[in-house]
Structure formats: structure tokens, C-alpha cells
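Here the structure comes first, spelled out in C-alpha cells, and everything after it is commentary.
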Amino acid sequence: MIKADVGSVAGHTTVHPQQIEVARHFLEEARQRGAISDYHVTHAGDDVELIMTHGMGENHPSIHELAWRCFKEVTEKVSRPLKLYAAGQDLLSEAFSGNIKGMGPGIAELEFTERQSDPVLIFMADKTEPGAWNLPLFKIFADPFNTAGLIIDPKLHEGFGFTVLDVIDNITVELKCPVEMYDLLALIGTPARYVIEKVRRSDGLPAAAASTTRLSLIAGKYVGKDDPVCIIRAQYGLPAAGEVLEAFAFPHLVAGWMRGSHHGPLMPSSVNDLQNRVSRFDGPPRVVGLGFQVSDAKLIGPVDLFADPAFDRTRETASLVADYMRRHGPFMPHRLGPEEMEYTTLPEVLKKLKDRFRKV
Ligand code: F6R
Ligand code: MG
Ligand code: MG
């Protein structure tokens, strides 16, 4: 999974269909010459999402470069000529330099040996940051009130290991659930700093991977939210697809939304255009999900995971929470706290007032 915001229509609302077309064409060509096994191009709000399968393993420069060139092409062939908003936004460097991590686009990679049948679920968020996955990933792999299999299925009973990244100091720690559950929660309850990067079953089986890019930390200033992605394998000794989805039935509060500066509910939406446009107050933060079967590295599907009336109530609740949060206007906790606001344009405003303060 590699994604980027390379420009959008009507501000940051959604992608242009030609952007998707150009990206598809680019990856189809790559598939035909054998550079990748299969692909699916979609979008989450204003982000172009490249779902790819290949046999090169994680962190392979040729795959990273392929995605980079694809985003460049979309930018040059569509975003710039149509003067789309924030054309090329997430391509922070001029040229590709070996690893796409740290260059702007978000990336989540999961290397695994296909099981007899391998359901893989892809989640893509818009107008939020990587820490947004902390709560659902915890619920999916560690909370028996969400995932019945943790209790009922002996194959899940030994629990899961979480790799947590400290995005400020750039260090990681491995924590095992259920034994170290409280330690894990002590960290990931601070989603702006500690983000879950990988989840493995106790026997080492790769279960999930999430993107961890924090654009503001790379650029040193606000350049749009990171809009993270996440890959989750399901079934047969892993949480069932329905247990994975259940974690999104609660529209929890995440950081992002307007100007990347507000807390708002994460609203699960269909990928179809009617729900996949991020409009109100540039939000509310959105998650779309696609489900596949991976068969000899081919992507069979997709299933539009949140296009189910069973999620209507979650969307209604999210709208209600959006109203409630919005009524705080410029006040915390709707607006983010000062540490997070450091990477926005607020410090410039505060600087203007500096000389006007008098000693008490
Ligand atoms: C959110 C986001 C938008 C912009 C907002 C202002 O990730 O990118 O909410 O921050 O639309 O954009 P400018 O300053 O370009 O007018
Ligand atoms: Mg945008
Ligand atoms: Mg976006």
C-alpha cells in the first residue's frame, strides 16, 4: 500500500477521475512487464491509493520508485494541467532517493506466505494521522470484547505482538498482548507520538501493517495530514473479517479534520463517490475499506467493506459527534493542543502578539 495526496478537486474534497485513470494505466503497464504481480487503484477523499502485490519483499527500492514515478506522472499529466488544488503536495523531494519512506507518500508493507486462502483487508483514511489506527488495531488484536476469537479460538489464544513506533525519537518497542497489555495501552493512548506499526501473531505470523509517516515531522511544518493506510489479514487463526470491521463500528475521535488542527470522529464510508468525498469542514475524518482474497499474488475482489447499512448508525453517530465537536469552535479539545498546533500556522499568529505582553 503506497498512497499520496497529489492534488484534488474543490480544495481537499476528492480526487479527479483522470488521476485514477492515469495511475491505473501506469500500474497496468508495470504489471504487464512483470514489475508487480497485481494492483488496485482507488482513493480515500483526496488521496490516491495504490494497492500492489509483488514478490520483492518489504522496502524494495524498485517498488518504492515505481510508486513515486506513478505519483509524479499523475501530478504532471493531470494535477498540474488541471490546476488541481495542492498539486503534487505529498511529493516533498525533487527526485527519488532509494526509499519512499520519509519522502512524503504514506506506505504500509506486509510480506507473507499465502495461506490456503488469505483474506486481506485494506483500510485507507483521509484527514487524519497514523495514530488513528491505534484504537481499532488494539481492539482487533487485543480486546476480547471486540474479537470473540481471542476467547473462543485456541489458535488466537496466545495473543499478538505489537511493534510500536515513537515518531518523535524514532525508536520502536515490541510488546506482547495480553501479558503486556497495560504497557501497550500506556503508550498507544498517546496516538500523536506512539503508533502501532506492525502486528504479529504469537508464533510470528504477520497479521497487520500500518503507515507511520508524519508529514509535519518530515517537513517541519504543516503540509496536510498524513492520511494513513493499514493492511490487515483475517480469518483462520486471525481475527475474522467481521471482527476486524467491528472495531470501526465506534467512530472514535482522531486528530486531523480542518487544517489538520481538530479532533473529530472517524467516519467509516463506502469507497463509492457519494460517501467518499470529504466535505464538511474538510471532513469529518474518513476511513474506507476494501477486502480482497489474495490468490497467487492476484487481488481477487474488492469488496467495499463499509457499504453495508449495518454501518449507517455509526455514520449517524459520527455526524452527531461532528455537530457536538464543531460547537466548540476554536476551543480545545475540538482544536488540537499546543504541541500539535506547533506544526500549523497558529505559531505565526501568536508571534505577532509576543511584544504586546506586559510583565505582571
Ligand atoms: C486537511 C487539509 C485542509 C487544509 C485547508 C486549508 O488535511 O489539508 O483542511 O488545511 O483546506 O488549506 P489552504 O491553507 O491551502 O487554503
Ligand atoms: Mg489534500
Ligand atoms: Mg488527504
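The values are calculated or read from the model by the stated rules, or taken from the named source; none is laboratory data. Fair warning: this is a prediction, and the values are worked out from it, not measured in the lab. For neighbour counting, all protein chains shown are included, and Cβ atoms are generated from backbone atoms with ideal geometry for every residue, glycine included. Accessible surface is based on the protein model in full, side chains and every heavy atom, while ligands, DNA and RNA are left aside. Shrake-Rupley method; radii C 1.70, N 1.55, O 1.52, S 1.80 Å.
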Any residue on another chain or 5+ positions along whose placed amide H is under 5 Å from the amide H of ASP118 is listed here as VAL294
Work from the charge dipole of the chain (Cβ charges, +1 for Lys and Arg, -1 for Asp and Glu, about the Cα centre) and give the residue of VAL120, VAL74, PHE331 farthest towards its positive end.
PHE331
For region 78-98 and region 105-168, what is the separation of their C-alpha centers, rounded to whole Å?
31
J(HN,Hα) series, region 17-24, from Karplus relation 6.51 cos²θ - 1.76 cosθ + 1.60, nearest Hz, glycine and proline x
x, 5, 5, 5, 4, 5, 5, 4
Just the Cα atoms of region 277-331: what Rg and Dmax do they give in Å?
16.0, 52
Could you check how many percent of all C-alpha pairs in region 186-261 are farther apart than 22 Å?
36
List the aspartates and glutamates whose Cα sits under 12 Å from the Cα of LYS198, skipping any in the same chain fewer than 8 residues away.
GLU109, GLU111, GLU174
For region 1-59, the accessible surface attributable to carbon and sulfur atoms (probe 1.4 angstrom, ligands and nucleic acids excluded) amounts in percent to 48
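Counting residues in region 118-221 as N, plug N into 2.2 N^0.38 Å and put the Cα Rg over that result.
The value comes to 1.09.
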Residue-wise, which Karplus ³J(HN,Hα) couplings in Hz belong to region 195-208, taking 6.51 cos²θ - 1.76 cosθ + 1.60, θ = phi - 60°, and x for glycine or proline?
10, 6, 9, 9, 10, 10, 5, 4, 8, x, 4, x, 10, 7
Could you check the simple spin-label distance between LYS298 and ALA219, using points 7 Å along Cα→Cβ, in nm with one decimal?
4.0
Two-decimal Rg/Rh across region 1-112, once Rg and the Kirkwood Rh are taken from alpha-carbon atoms:
0.95
Sequence-distant or interchain residues sharing an amide H contact under 5 Å with GLY256, placed H: which?
SER261, HIS262, HIS263, GLY264
Determine ³J(HN,Hα), in whole Hz, for all residues of region 254-264 in sequence, where each value follows from phi through the Karplus function 6.51 cos²θ - 1.76 cosθ + 1.60 and θ = phi - 60°; x replaces Gly and Pro.
10, 8, x, 6, 4, 6, x, 10, 9, 7, x
Which pairs in the list LYS3/LYS225; LYS127/LYS298; LYS72/LYS221 are over 20 Å apart, alpha-carbon to alpha-carbon?
LYS127/LYS298; LYS72/LYS221
Let me know the Kirkwood hydrodynamic radius for region 265-360, please, with Cα pairs as the basis and the value in Å to one decimal.
16.8
Can you tell me the relative contact order of region 276-352? Whole percent, Cα pairs under 8 Å, sequence separation 6 or more.
15
Given region 307-360, what whole percent of its Cα pairs are spread farther than 13 Å?
72
Report P(r) for region 201-343: all Cα-Cα distances, bin width 5 Å, range 0 to the bin holding the largest distance, values in whole percent.
2, 9, 16, 19, 18, 15, 11, 7, 3, 1, 0
Simple spin-label model, 7 Å along Cα-to-Cβ: GLU174 to ALA249 in nm?
3.3
Could you tell me the largest-minus-smallest coordinate of the C-alpha atoms of region 65-146 on each of the three principal axes, in descending order and whole angstroms?
50, 30, 22
Would you calculate the separation in nanometres between label points at PHE331 and SER319, each defined as 7 Å from the Cα along the Cα-to-beta-carbon direction?
2.6
Binned at 20 Å starting from 0, the alpha-carbon pair-distance distribution of the chain in whole percents comes out as 30, 60, 9, 0
